[in-house]
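Enquirer: I'd like to ask you about the structure that follows.
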Amino acid sequence: MNSSTPGFHARSRWSGWINLFMGMVAVLALAAMANYLSHRHYARWQWAKRLDTDLSQLTRLTLADIHQPVTAVVFYDRRESLYRPILELLLRYSQLAPSLRIETVDYELEPARATQIQNRYKLPPNVHDLVLFHCAGRTEVVPHSALSQVSPTGRTPDGRIIFERTHFNGERLFTSALAAVSDTNRHAAYFLAARGTHSFTNTTSWDGYGRLGQRLAQMNLELRPATLGASLPVPRDCRLFIIAGPRADLDTQEIQRLREYLSTGGRVWLLFHRATRAGLEHLVAEHGVLVGNDLVSDPGNGFGDGSIKLSAFADAQHGIHPSVRPLAAQDMALRLGAPRSVTALPSLSGLKSTTLLSTSPQGIAYRQPPAGAAGAELVVERRGAIAVAAAVERTATGAVAGLAPRLVVVGDSDCLNNTLLDKEANSDLAWNLAHWLLDRSHLLAIGPRPIQHHQFSITERSRWELMGWLLGVIPGSILAVGSLVWLRRRH
Amino acid sequence: MQAFLTLVRRELAGHFLSMRGYVIMAGVQLLLGASLCITLEALNQKPFDMPLTEKMPNTGFFWLILLLVAPVITMRTFAHERASGTLETLLTTPVSDWAVVLAKFTGAWVFFLLTWLPALATPFILTRYASGMGDVDPGPLASLAIGITLLGGFLMAVGCFASSLTRSQIIAAMTSFAISTGMFLIGFIAVIRPPWMGDQSALFSHLSMLEHMGDFASGVVDTRHVVFYTSLTGLFLYFTHKVVSFRRWR
C-alpha cells in the first residue's frame, strides 16, 4: 500500500467524523428551529381555577378593535401574589390582540430597567407595583391598590384586624385602560366646586374625593370643576355632573341650572351630606326620589366604627338595578357612613326610579335633630328595610328622541371619600354608577373575580404526626423494602 | 419492540433489585418531606392567596432534588456497562443502538417518575392533617406533574449522554450535574436581566427552567415549554446515540 495517499480507513474515518459533525449540527438546527417556531406560534392553557381567564364579550370586542401598537408594562415584584394572575390575563389579551406587546419589569431584580421605565413614562421614582398601558402618546396607569379588593375577614388573637384580598379587578381595569388609550375622545365630567362639596383634588385628607377623581380618570374621563349661576349653565360638553356632598344650600339659580341640564338629557350624580339636603330635595322629588331629613342606621349590620354594612340590592318593583347587579352576584357588601334615606317613588309619569341599596329589615331611620339642637334625644321616624340610594332614568314611553336623563342619588357622601372608597365594594359601586350614568352599561358586565384564599391550621400533635410520616415512615418503609430485597437476593 | 421492553425491564430491575434504587427513592422522599415540613411551618395559620403547589418551585429543596437525583439515577446507565465490559456484549446483540439508548433512557425516566410519584399524594395527605386546606385544585397538580415529567425527561437525557462519554460513574454524575446546573443557572440571567441585555432577554427567558416551572406550578401549560423540553431531550438522546455508535464504529 502507498503510504503517501490516504488509505480507505483514514478516508472512512474522516467521512465518519464529518458525518457525525454534520448530523449533530443538523439536529441542533432542527431543535433551534422547533423552538423558534414554538416561540412564535404557541398556545397556553390555564388549568388552575385561580387563573381562570375566560374573557367577557366586551373585552373580546375591545381587543378586536385595537389596531395600533399598544404596550402593556407589568411593573411588579414577581413575588407579589397578584403578579401571576395579572400576567396570565395580559397574555390572554395578547393572544387575541397581536398588536398588544407585554413587557415585564421586576423593579427589585432589574433596577436599571425600572429606572428606564420610570423615566420613559414619567412615573414618580418611588412608585411600585402597577400595570401601565401606552399607545400613541397616551398612557393609562392601573395601580396595584385598584387591582384587588381588600376586606376585613376576622381578628388575630391579639385583636388586630385581618385583611384579605377578596376580588381581582384585572379584566375590568385592563379593558377600560385599553379602551382609554386606544380611544382619542376623552369625555368631560364636571363636579360642583362650591357649597362645601368634597374636593376632587384632595387625595390626602380623609374626606377628600381625590382618589375617586383618580378612578374616574381611569375611565377615560377628564374631570373639571364647575360653578353654576345665572350666567353659568352646566357646560355643553358635560357628560356627567357630580354634586358630592354639598354642606351649604344651593341657591335657586344653581338648582334651576341643574333642572335645565336634566331636562336636556343630562346625567347627574348626587351624593348627600349627612348634615344637609342642600335645598336639592325638591329637585330630586321632581324626578321620583324622596330624600329624608333623617339618619339611617342598621343595628347588627355595622363594622363597629359607626359605619354600616349594606348588602341588600333588590328593588321590590324593578328587581336589581344593572349598576349593583355585579355586586349582588358576588355577594359583596358596601360600607356607608351615616346615610340619609333615599326612597324611590313608585310611579311618576315617564320616569323609572329604582332602589339601589337598602338596609336589612332591622334598619332604623332617626329624625335629624334641628340645627343647634346637638345632644337632643334621637326620635325614631321609621323602622324596616330603608333605602339609601336610588337611580332614575326616563322610560321608553317618556323618552324624547336624543334625550335620556339619568340621575343617581346616594344618601351618603362619605362612602366615596378617600377613607372609605377602597373599603368593601365601595369603589365597585362608584365604578358601576359612573358607567351606568355615562351609558357605558356594557362595561358593567365585567365584574370582579373572587380570589380564593388559603389558610390552614395544623396542631402541634398533627404536625409531629405528619413529620413522622413524611420524614420517618415513608422513607423508612422504602428502605425496609430495599433491605428485604437485598437480603433475599443475598441468601 | 420486544427487545426494547426487555432492555427497559433490565434497567428497572437494576434499580429495584439492588439497595441503590431504594436508597435514592428514600432520599428523595426524605428531602421532599423536609421541604414540605419547612413550608408548613412557615405558612401555618397565615393567610396566603396562592396554592401550595405554586410555592413549591420557589423552595431550594425542589431544585436540589431535581438536579441532584438525576445524575445519581443516570450515572450508571452506560458508564457502569462500559466499566464492567458488558456494553460491548450488549452492542453485539441483534438490537439497534437506538433501542439500547432509548431503553436506558426510558428505564431511568420511569424510575425518576416513580421516585416522585408519592409526592402527588402530598396535598391529599395535608388535607387530612391540616384544617382549612380546602379542596385540592387538580389543575395545577396535573400541570406540575407534566412539568416534572418533561424536566425529568430532559435531565435523564443529559444524564444518559454524560454517562455515555465515560466509564467512570463519578465523572458521569459530575458531568451531568454540571450540564444540568449550567442550564438551570442560565435561566437566572433572564431573571436578573443585566442592563446591557436587549432582545436576548427573550432567548434567556425561553431557556429559564425557573420560569417554565413557575408556569407549570401555577397551572399553566405552554406549548413553548413542552417543545423546549422535548426538543432538548431529543437532542441529547441523539448525541448519546452518536456517542454509542461512534464507540461501536471505532
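Enquirer: Could you look through segment A:186-202, keep only residues that are of a type outside the set (Ser, Thr, Tyr) and under 17 Å from residue A:437 (Cβ atoms), and pick out the one that is surrounded by the fewest Cβ atoms within 10 Å (Cβ to Cβ)? Walk me through how you get there before you give the answer.
Expert: Filtering segment A:186-202 for residues of a type outside the set (Ser, Thr, Tyr) gives A:186-189, A:191-196, A:198, A:200, A:202.
Still in the list and also under 17 Å from residue A:437 (Cβ atoms): A:186-189, A:191-192, A:200.
Working: A:186: 11, A:187: 15, A:188: 15, A:189: 25, A:191: 24, A:192: 26, A:200: 24.
Among them, the one singled out is A:186.
Enquirer: State whether one or more residues within segment A:97-114 are buried (at least 19 other Cβ atoms within 10 Å of the Cβ) and more than 13 Å from chain B (Cβ to nearest Cβ).
Expert: Checked segment A:97-114: at least one residue is buried (at least 19 other Cβ atoms within 10 Å of the Cβ) and more than 13 Å from chain B (Cβ to nearest Cβ).
Enquirer: Here's something else I'd like to know. Which ranges mark the strands (runs of 3 or more DSSP E) fully within segment A:183-284 that have 1 or more residues being small (Gly, Ala, Ser)? Show your work before the answer.
Expert: Values: elements: A:187-192, A:221-226, A:238-244, A:267-271.
In segment A:183-284, the matching strands (runs of 3 or more DSSP E) lie at A:187-192, A:221-226, A:238-244.
Enquirer: Continuing with this model, one more query. Considering only segment A:117-132, how many residues are touching an Asp or Glu at 6+ places or on another chain (Cβ under 9 Å) and within 14 Å of another protein chain (Cβ to nearest Cβ)?
Expert: 1
Enquirer: Only one of (1) more than 14 Å from chain A (Cβ to nearest Cβ); (2) surrounded by fewer than 17 Cβ atoms within 10 Å (Cβ to Cβ) is not met by residue B:41, so which one is it?
Expert: Going through the list (1) more than 14 Å from chain A (Cβ to nearest Cβ); (2) surrounded by fewer than 17 Cβ atoms within 10 Å (Cβ to Cβ), residue B:41 breaks only (1).
Enquirer: So which of B:39, B:59, B:53, B:74 ends up being in contact (Cβ under 8 Å) with a residue 40 or more places away in the chain and farther than 30 Å from residue B:239 by Cα?
Expert: Numbers: B:39 fails: in contact (Cβ under 8 Å) with a residue 40 or more places away in the chain; B:59 fails: in contact (Cβ under 8 Å) with a residue 40 or more places away in the chain; B:74 fails: farther than 30 Å from residue B:239 by Cα.
Only one candidate passes the filter, namely B:53.
Enquirer: Please specify each residue of segment A:312-329 satisfying the condition of being surrounded by fewer than 17 Cβ atoms within 10 Å (Cβ to Cβ), more than 17 Å from residue A:359 (Cα to Cα) and at pLDDT below 80.
Expert: A:318, A:329
Enquirer: Return yes when residue A:24 is at the interface with another protein chain (Cβ under 8 Å from one of its Cβ atoms) and farther than 19 Å from residue B:215 by Cβ and no when it is not.
Expert: Considered against the rule, which asks whether it is at the interface with another protein chain (Cβ under 8 Å from one of its Cβ atoms) and farther than 19 Å from residue B:215 by Cβ, residue A:24 comes out as yes.
Enquirer: Then there is this: Report those helices (runs of 4 or more DSSP H) wholly inside segment B:54-107 carrying at least 3 residues which are touching a Gly at 6+ places or on another chain (Cβ under 8 Å). Walk me through it before giving the result.
Expert: Numbers: elements: B:60-74, B:79-84, B:86-92.
In segment B:54-107, the matching helices (runs of 4 or more DSSP H) lie at B:60-74.
Enquirer: Right, here's the next one. Evaluate the following for residue B:59: is it under 30 Å from residue A:168 (Cβ atoms), of a type in the set (Ser, Thr, Tyr) and facing chain A (nearest Cβ under 9 Å)? Break it down into steps so the answer makes sense when it comes.
Expert: Details: under 30 Å from residue A:168 (Cβ atoms): yes; of a type in the set (Ser, Thr, Tyr): yes; facing chain A (nearest Cβ under 9 Å): no.
No, not satisfied.
Enquirer: Residues that are of a type in the set (D, E, K, R) and touching a Ser or Thr at 6+ places or on another chain (Cβ under 7 Å): list the strands (runs of 3 or more DSSP E) wholly contained in segment A:44-142 that include at least 1 such residues.
Expert: Details: elements: A:44-46, A:70-75, A:100-105, A:130-135.
By residue number, A:100-105.
Enquirer: Being assigned to a helix (DSSP H, G or I) and within 12 Å of chain A (Cβ to nearest Cβ) is the filter here; which residues of segment B:133-156 pass it? Reasoning before the result, please.
Expert: Filtering segment B:133-156 for residues assigned to a helix (DSSP H, G or I) gives B:138-156.
Within segment B:133-156, B:138, B:139, B:140, B:141, B:142, B:143, B:144, B:145, B:146, B:147, B:154 qualify.
Enquirer: A follow-up question, please. Whether any residue in segment A:234-254 is surrounded by 22 or more Cβ atoms within 10 Å (Cβ to Cβ), acidic (Asp, Glu) and more than 14 Å from chain B (Cβ to nearest Cβ) is what I want to check.
Expert: Yes: segment A:234-254 contains one or more residues that are surrounded by 22 or more Cβ atoms within 10 Å (Cβ to Cβ), acidic (Asp, Glu) and more than 14 Å from chain B (Cβ to nearest Cβ).
Enquirer: When you go through (1) within 8 Å of another protein chain (Cβ to nearest Cβ); (2) part of a helix (DSSP H, G or I) one by one for residue B:15, which number turns out not to apply?
Expert: It is condition (1) that residue B:15 fails.
Enquirer: Among B:5, B:68, which is the only one that is closer than 26 Å to residue B:90 by Cα, in contact with a helix residue (DSSP H, G or I) (Cβ under 9 Å, 6 or more places away or on another chain), surrounded by fewer than 19 Cβ atoms within 10 Å (Cβ to Cβ) and more than 10 Å from chain A (Cβ to nearest Cβ)? Give the steps one after another, and end with the answer.
Expert: Values: B:68 fails: closer than 26 Å to residue B:90 by Cα.
Selected residue: B:5, the only one of B:5, B:68 that is closer than 26 Å to residue B:90 by Cα, in contact with a helix residue (DSSP H, G or I) (Cβ under 9 Å, 6 or more places away or on another chain), surrounded by fewer than 19 Cβ atoms within 10 Å (Cβ to Cβ) and more than 10 Å from chain A (Cβ to nearest Cβ).
Enquirer: Look through segment B:209-243, keep the residues that are facing chain A (nearest Cβ under 9 Å) and small (Gly, Ala, Ser), and return whichever of them is surrounded by the most Cβ atoms within 10 Å (Cβ to Cβ).
Expert: Looking at residues that are facing chain A (nearest Cβ under 9 Å) and small (Gly, Ala, Ser), I get B:219.
Enquirer: What tally of residues in segment A:119-141 results from selecting those that are polar (S, T, N, Q) and surrounded by 10 or more Cβ atoms within 10 Å (Cβ to Cβ)?
Expert: 2
The values are calculated or read from the model by the stated rules, or taken from the named source; none is laboratory data. Note that this is a predicted model, so its numbers are computed, not measured. Because the Cβ atoms are built from the backbone with ideal geometry, glycine has one as well, and the counts that use them run over all protein chains shown.
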